[in-house]
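Enquirer: Handing you a structure now.
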Amino acid sequence: MKETNNNCAVAFIRRCKCVFMAVLILLMTLTFMSVRPLKAHAVEEYWLYFCGKKVTSENAGDIMGDGNFSYSNATKTLTIKGDLVCSGKMPVPLLENAGIEGLKICVEKDSTLTQPFVNPALYIKADTMITGPGVLNVEGGIRTVSVSDCKLTIQNAKINVLNTNTDHAAAAIGGTDGDSPSSVHRCSLEIKDSHVTAKNENNKQLPAITDFRKELTLEGCEPVDPSASKRTVLNIEDGAILDNSNEYVHDVLIERVYALQILEKQVYDSNKADILGDGIFTYDENTNTLTINGNFQTDSNLSLINNHIQGLTITTASDTIISCVNAWFIDNHQLLNLTTKGKLTVLAGEIGIGAWVSVHIKDADLNIESQFGAITSLEKRTYERMYLSINNSDVTLTSKTQEAVGGFGKIELNNCEIVTPENGVVCLHEGTRTISDPQGNYASKVVISKSQSAAGTTTTTTSTTTTTTTATTTTTTAPVFSLSCEKTELEVGESVDVAILNWNNDASLLNPTIMTGNSIAITPYHTPRFTVTGVKAGVSKVIVKSSQGVEKTITFTVRDRQAAKKPGDANCDGLVDMSDAVLIMQAIANPNTYGINGSASSHITAEGWKNADVDGNGLTVGDALAIQEYLLGVRTTLGSAE
């Protein structure tokens, strides 16, 4: 009986152990099941390879482990800032974009990519852009840069591509479009504002750049033969760059072309450090600055400086004298900044600075003498957009036959003042702003000086003007002020300036008020003028009172704006100017980009196309020429745009 009880106890203990182990195993299983999901994470893979290594979300921050290559999938940007030699047992491309559309390769620092295998150094299989401040050197492969069924854009970049292969298909930069007329052309190469060298070092019978039969375009740069004794521009033909005999070119330099000429000599990368070869004119694209390094004299009748670069700064290295007595000093077509180190003296022919857009003079010591205008705006039809500012400068402007300064929509002086003519003012003259004497007569000589504190000198204005200095006292009788404006009949939205002549520094005259009506708005200034703008149809009267109680009134009639046809207005901005002529030339030369269905945001529209056809014979370069003649006053009207 006792043995039976012991056996039962042993059996019970065994059962308990089994249950305990089962519970323990269950708890451990549940524990590991709950922990594993916390450790697991998905790895995202990208269609980008370095030497056969696929870029993933795990290695994207430092792809090769050397800190030189990183990829952001959020911006689709690959950053390069160091060298790489493709190594491994299997021949593969060094860098391959296998399917990331819109990939941007940014070269932050000078870098060299070397491919010892026959595979491409750069294999581009989806639309890609290369850009960045650093220089990218690429070497090796049968096709060093190979573009397959997509578009490669090189923009604002510096790239040197060297091919050392002897294969019959060797090329520095090549597409995959075949020679057969029946083959589908899918490869495009676009180079914009860039410096590119492409060379087949060992196989000189083949073109360095070839097989881009869908599109091969250059913008802001030109292909030249680097081995030629004089600058020789190459041709683009059938997706390749060829010489003037349509023969293959194994060594190509594509250099930046800047919209700047000195005596009609174009500025390029190759001459920017010494444009004329005399050490006088240098251009730095990084600061967008043209520097004049010494005195210069020319008898040429060509404009000395012809500028189309937006925001160009012209400066001097020291005291400088420029003599161009048969020509303009500057023919300016884009926003211009002028400053000096030392004094700049210019003896010009017809015009000193001829401006088609705004001019800003700052921190300058400038003296310009000319025949027909020291600084003159030439865009008379859109003068309200023309702006001349003179800041913290000493400026002397002299014209022998007409006003020294004129044609601008706005003239502003900051930290400087008019010295000559005495009590000179900015006012309207023949519809545009100029600097005149107090009576409104234009000044052929204008002297502007930096503002000085007038210690020991006081100026008082009463019914007579008394000026007292430590040396002399002069008393004169002030003439009665008057109002002058170009017209008093306006359309809604149209503005006109009203000049206050003989204002004699009477601050009360600077506060005109609307006496009757509500069809206009007034914009007063701190100078003796104000602007009247039509806001609705009606009649309004403006009154101006002097501190002595003298009143003058002027009445304006405002009509609703009439819809006006705009022959020549290619960009449909309501104006006819040089930008319309430029757009016409772009639309004709590059219809894929600037035509009616062009890819550029600024492409011509169907309405603009109709406006641009001023002679009614279809859009041609003749229409652009007609607009330029119209702007220069050679012709007074443009044909119908219907």
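Enquirer: For region 57-68, what does the Karplus curve 6.51 cos²θ - 1.76 cosθ + 1.60, with θ = phi - 60°, yield as ³J(HN,Hα) per residue in whole Hz, taken in order and with x for Gly and Pro?
Expert: 5, 7, 10, 4, x, 7, 4, 9, x, 10, x, 9
Enquirer: Using the crude model of +1 on Lys and Arg Cβ and -1 on Asp and Glu Cβ, and no other charge, please compute the dipole size for region 153-288 relative to its Cα centre, in debye to 20.
Expert: Once rounded to the nearest 20, the dipole reads 120 debye.
Enquirer: Also: With the cut-off at 28 Å, tell me which of the pairs 487/566; 81/192; 158/362; 109/230 have Cα atoms farther apart than that.
Expert: 158/362; 109/230, as the Cα separations exceed 28 Å there.
Enquirer: Taking all protein chains in place and a 1.4 Å probe, what share, in percent, of the accessible surface of the chain do carbon and sulfur account for?
Expert: 51
Enquirer: Tally the DSSP beta bridges in region 59-107 and give the antiparallel ones as a percent, rounded to 5.
Expert: If we restrict to bridges inside region 59-107, about 50 percent are antiparallel.
Enquirer: So what J values fall out for region 146-155 if you push phi through Karplus, 6.51 cos²θ - 1.76 cosθ + 1.60 with θ = phi - 60°, rounded to Hz, Gly and Pro as x?
Expert: Using θ = phi - 60°, the values come out as 10, 10, 10, 6, 7, 10, 10, 10, 10, 9 Hz.
Enquirer: Could you provide, to the nearest whole Å², the per residue accessible area of the chain with probe 1.4 Å?
Expert: That works out to 49 Å² for each residue.
Enquirer: What is the sum of charges, Lys and Arg at +1 and Asp and Glu at -1, for the other residues whose Cβ falls under 12 Å from the Cβ of residue 66?
Expert: On the way: positive: 81; negative: 62, 83.
Taking every other residue near residue 66 into account, the sum is -1.
Enquirer: Moving to a separate point now. Taking the Cα centre of region 129-203 as origin, work out the dipole magnitude from +1 charges on Lys and Arg Cβ and -1 charges on Asp and Glu Cβ, in debye rounded to 20.
Expert: About 200 debye.
Enquirer: Got a sec? What order do 422, 489 fall in by accessible area at 1.4 Å, biggest, i.e. largest, first?
Expert: 422, 489
Enquirer: Still on this model: Normalised by the residues of the chain, what does the relative contact order come to in percent, with Cα pairs under 8 Å and at least six apart?
Expert: It rounds to 4 percent for the chain.
Enquirer: Another question about this same structure. Given a Förster distance of 35 angstrom, what is the FRET efficiency for residue 285 paired with residue 57, based on the Cβ-Cβ distance and rounded to 0.05? Before the final figure, lay out the partial values.
Expert: Values: r = 38 Å, r/R0 = 1.09.
Plugging the Cβ-Cβ distance into 1/(1 + (r/R0)^6) gives 0.35.
Enquirer: Express in Å², to the nearest 10, the accessible area of residue 64 obtained by rolling a 1.4 Å probe over the protein heavy atoms while all chains stay in place.
Expert: So the heavy atoms of residue 64 present about 60 Å² to solvent.
Enquirer: Going by amide H atoms built from the backbone, whose H comes under 5 Å of the H on residue 338, apart from near neighbours?
Expert: For residue 338, the qualifying residues are 314, 360, 361, 362.
Enquirer: Kindly report, to the nearest 10 Å², the accessible surface of residue 551 as traced by a 1.4 Å probe over protein heavy atoms only.
Expert: Counting only protein heavy atoms, residue 551 exposes about 100 Å² to solvent.
Enquirer: Right, next: Let me spell out the model: positive unit charges on the Cβ of Lys and Arg, negative unit charges on the Cβ of Asp and Glu, origin at the Cα centre of the chain. What dipole size does that give, in debye rounded to 20? Provide the component values of the computation, followed by the final result.
Expert: Working: 51 positive and 71 negative charges, 559 e Å.
With Lys and Arg at +1 and Asp and Glu at -1, about 2680 debye.
Enquirer: If you don't mind, another one. Modelled label-to-label distance, residue 621 and residue 492, 7 Å Cα→beta-carbon offset: nm?
Expert: Spacing of the two 7 Å Cα→Cβ label points: 4.5 nm.
Enquirer: Still on this structure, I have one more. With all protein chains present and a 1.4 Å probe, how do 213, 529, 561 order by accessible area, largest first? Write out the running numbers ahead of the final one.
Expert: Values: 213 50, 529 15, 561 140 Å².
Largest accessible area first, the residues go 561, 213, 529.
Enquirer: Follow-up question, since we're still on this one. Here are a few candidate values for Rg/Rh (Cα atoms, Kirkwood Rh): (i) 1.01; (ii) 1.19; (iii) 1.26. Which one was actually calculated from the structure I just gave you?
Expert: The calculated read-out lines up with (ii).
Enquirer: Shifting gears a bit: I want the antiparallel fraction of DSSP beta bridges within region 61-150, as a percent rounded to 5.
Expert: 15
Enquirer: Projected onto the charge dipole of the chain (+1 at Lys/Arg Cβ, -1 at Asp/Glu Cβ, origin at the Cα centre), which of 297, 415, 335 gives the Cα projection farthest towards the positive end?
Expert: Farthest towards the positive pole: 415.
Enquirer: Could you check what % of the DSSP bridge pairs in the chain are antiparallel, to the nearest 5?
Expert: Antiparallel bridges make up about 45 percent of those DSSP assigns within the chain.
Enquirer: Right, something else. Quick one: accessible surface of residue 57, probe radius 1.4 Å, all protein chains present, in square angstrom to the nearest 10.
Expert: For residue 57, the solvent-accessible surface is approximately 60 Å².
Enquirer: So what's the gap between the Cα centers of region 107-171 and region 540-583, to the nearest angstrom?
Expert: 55
Enquirer: With everything on Cα atoms, drop me the angle between helix 621-632 and the longest principal axis of the chain, reported from 0 to 90° to the nearest 10.
Expert: Tilt relative to the chain: about 40 degrees.
Enquirer: Here's a follow-up. Give the residue from 347, 232, 65 lying farthest towards the positive end of the charge dipole for the chain; charges sit on Cβ (+1 for Lys and Arg, -1 for Asp and Glu) and the dipole is referred to the Cα centre.
Expert: Value: 65.
Enquirer: Can you compute the helix-only [θ] at 222 nm over the chain? Use -39500 (n - 2.57) per DSSP H run of at least 4 residues, normalise by all residues, nearest 500 deg cm²/dmol.
Expert: Per the formula, -3500 deg cm²/dmol.
Enquirer: Compute the length gained on full extension between residue 513 and residue 628: take 0.36 nm times their separation in residues and subtract their Cα-Cα distance, giving the result in nm to one decimal.
Expert: Extra length from residue 513 to residue 628 when fully extended: 37.2 nm.
Enquirer: Working with all protein chains in place, sort 319, 284 by solvent-accessible area computed with a 1.4 Å probe, largest first.
Expert: From most accessible down to least: 319, 284.
Enquirer: Find which of 532, 587, 608 sits farthest along the positive direction of the dipole of region 495-624, computed with +1 on the beta-carbon of Lys and Arg, -1 on that of Asp and Glu, about the Cα centre.
Expert: Comparing the listed Cα positions along the dipole, 532 ranks first.
Enquirer: Would you pull out the residues with amide H under 5 Å of residue 491's amide H, same chain only if 5 or more places away, H placed 1.01 Å from N?
Expert: 559
Enquirer: Still on this structure, please answer the following. I'd like the distance between the alpha-carbon centres of region 200-269 and region 299-325, rounded to an integer number of Å.
Expert: If you average the Cα positions of each part, the centres end up 29 Å apart.
Enquirer: How large is ³J(HN,Hα), in whole Hz, for each residue of region 297-303 in order, when computed from phi with the Karplus curve 6.51 cos²θ - 1.76 cosθ + 1.60 and θ = phi - 60°, using x for Gly and Pro?
Expert: Couplings: 9, 8, 9, 5, 9, 8, 4 Hz.
Enquirer: Then there's this: Note down the nm distance, to one decimal, between modelled labels 7 Å out along Cα→Cβ at residue 276 and at residue 217.
Expert: Roughly 3.6 nm, to one decimal.
The values are calculated or read from the model by the stated rules, or taken from the named source; none is laboratory data. Treat the numbers as computed from the prediction; the structure is a model and nothing was measured. FYI the Cβ positions are ideal-geometry reconstructions off the backbone, even for glycines, and counts take in every protein chain you see. Quick note on the areas: whole protein, heavy atoms, side chains included, nothing else; ligands and nucleic acids left out. Shrake-Rupley method; radii C 1.70, N 1.55, O 1.52, S 1.80 Å.
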